[in-house]
Amino acid sequence: MGPVYYAVWTASFALQVYIVARALLRREFFPYLSINIFVAAMALRDVSQYLVLMRYGFASREYTYAYYYSDALLTVLMYLAIMYLAQQVFREMHIGRYVRWVTAGLLVGTALFAGAVIQRNAGHLASRFVVELSQDLYFVGMVLTYLLWVAVFKLRETRTRLVQLVLALGVYFSATAALWALRNMFDSTHAIAAFALTLLGVLLPAAWAYTFTMVPEEARLAPAGLAEEAAARR
């Protein structure tokens, strides 16, 4: 637990607080309610993990439980952010209700799958379940975000802020799911993967902080046809 870890943790926490505070000051908290709740939960998770870490130590059972349980809860809240982004992408198609049902169904199905995978390990059911659930949720979240990517490009979404929010979430999910897979396949990579996961903790809030700060709500991407036409005139 060297200075790099604490520097990354401080930067991530500061960005999370910045996003929520800015949303409150700019009166954008409720328009982006799901995202702001998720970011606020990230900040609370970091504070709770830090307090447990300082009291019990990095190698303690208490910190392990705090890490995995808070991470699983945070991933569930992330599904609310995915649901919000999906509703925005498909807003003009008026299928928001179906998006909510599909997302909720995948969440429940993933939890049932995680329980079935470790049902024979009754002695450590709670701890093994939350670890398995967290990994499976990251994988399903990655798939959902990829589908959002496809929808953004197929529907030719032009809202710049929305596009960047989706892209940042997709990169975060992809990298996190890849690191979980690496940890599971190779025991020797646990330390490297754990450190990389810590670095990823600052990626998403940094990307979203940049998007909310630098990209206005009314900003639009130029459609491909118009962009090519403008380039030809130049």
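Please treat every number below as a calculation from the coordinates, not as lab data. This is a predicted model, so every value here is computed, not measured. Neighbour counts run over all protein chains shown; Cβ positions are idealised from the backbone, glycine included.
Numbers for the structure displayed
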| read-out | value |
| --- | --- |
| Neighbour-count order for 74, 33, fewest beta carbons within 10 angstrom listed first | 33, 74 |
| Packing-based exposure ordering (other Cβ within 10 Å, fewest first) of 13, 212 | 13, 212 |
| Net length gained if the chain between residue 44 and residue 158 were fully extended (0.36 nm per residue, minus Cα distance) | 37.7 nm |
| R0 of 30 Å, Cβ-Cβ distance residue 17-residue 151: FRET efficiency to nearest 0.05 | 0.45 |
| In order through region 146-152: 3J(HN,Hα) via Karplus (6.51 cos²θ - 1.76 cosθ + 1.60), integer Hz, x for Gly, Pro | 4, 4, 5, 4, 4, 5, 4 |
| Hz values of 3J(HN,Hα) by residue in region 26-35 - Karplus curve (6.51, -1.76, 1.60), Gly and Pro given as x | 8, 6, 10, 5, 6, x, 10, 4, 4, 5 |
| Backbone HN-Hα couplings from phi across region 170-180 [Karplus 6.51/-1.76/1.60, Hz, Gly and Pro as x] | x, 4, 5, 4, 4, 5, 5, 4, 5, 5, 4 |
| Amide proton proximity set for residue 159, modelled H, under 5 Å, gap of 5+ | 221 |
| Simple spin-label estimate for residue 139 and residue 24 in nanometres, 7 Å along Cα-Cβ | 3.9 nm |
